[in-house]
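To start, the structure under review is shown below, and the notes come after it.
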Amino acid sequence: MPRGIPKNKEDKVETNIILDKLTPLIENLAQTIGKIDERLNILERINEKPQKPLETDRPPIPVVKTTTPESKMTQLPIPSDYRDIVNDILNEEFQIEMEAYPDRPMFTFTIIVPDKYSNMPENEKALFHSDRRSCVISYADGLNKVREWTNKVFNNFDTETKAKIKLYSPSNDAA
């Protein structure tokens with residue numbers, strides 16, 4: 001007898017029960033396979049279409065300057081505490097500037113290095129005309145950040161220049 005053909009009535013009933021249970025599962029599986037096939041067909045159609053370059057998908061984004069224009073920055077008077085820090089760590093020959101930001105509680109603190117101490121390459125000197133070391137400092141950080149920045153500027157010099165900076169005295173400059 002071929003396999004799968006029930007031998008008697010009881011086997012026929014069991015087979016029908018099993019088929020009744022499997023039929024909805026098989027139909028559900030067939031629907032799922034049909035949905036997957038539809039999705040694959042859609043993906044294949046998308047891949048067959050020529051891809052547009054990304055540049056033409058959108059208009060170009062305009063370039064917006066994020067820097068604060070110099071005209072809106074306000075020159076601040078130099079607090080004596082800041083001047084004292086620069087004089088102690090560096091010396092009196094180093095000039096400083098402070099500019100306040102109009103829209104933020106911070107300022108730009110700039111140390112202007114005299115030419116005789118500058119370690120700026122010649123091509124940069126020709127381009128920028130002076131050796132300016134700037135740092136943006138919040139008002140809350142104030143003295144501590146000014147001291148930290150001044151130390152960083154000082155530590156940027158080689159040993160010989162550091163010695164020249166420390167040995168400076170106003171009387172030597174007048175002679």
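Here the Karplus relation 6.51 cos²θ - 1.76 cosθ + 1.60, evaluated at θ = phi - 60°, turns the backbone of segment 82-89 into coupling constants of 5, 4, 5, 4, 5, 5, 6, 7 Hz, with x for every Gly and Pro.
Annotation: the residues VAL113, VAL136, VAL13, VAL153, sorted from fewest to most other C-beta atoms within 10 Å of their own C-beta, follow the order VAL13, VAL136, VAL153, VAL113. Rounded if a/c is under 1.5, else prolate if a/b beats b/c, else oblate: with a ≥ b ≥ c from the C-alpha gyration tensor eigenvalues square-rooted, which is segment 74-137? Judged from the Cα gyration tensor, segment 74-137 comes out oblate (a/c at least 1.5, b/c at or above a/b). Evaluated over segment 70-174, the count of Lys pairs having alpha-carbon atoms less than 29 Å apart is 20 (only pairs 8 or more residues apart or interchain). About its Cα centre, the dipole of segment 70-174 is roughly 180 debye, where the only charges are +1 on Lys and Arg Cβ and -1 on Asp and Glu Cβ.
Just so you know, all these numbers are worked out from the coordinates, no wet-lab data involved. As the structure is a prediction and not an experimental result, all values here were calculated from the model. No Cβ is skipped: glycine too gets one built from the backbone with ideal geometry, and neighbour counts run over all protein chains shown.
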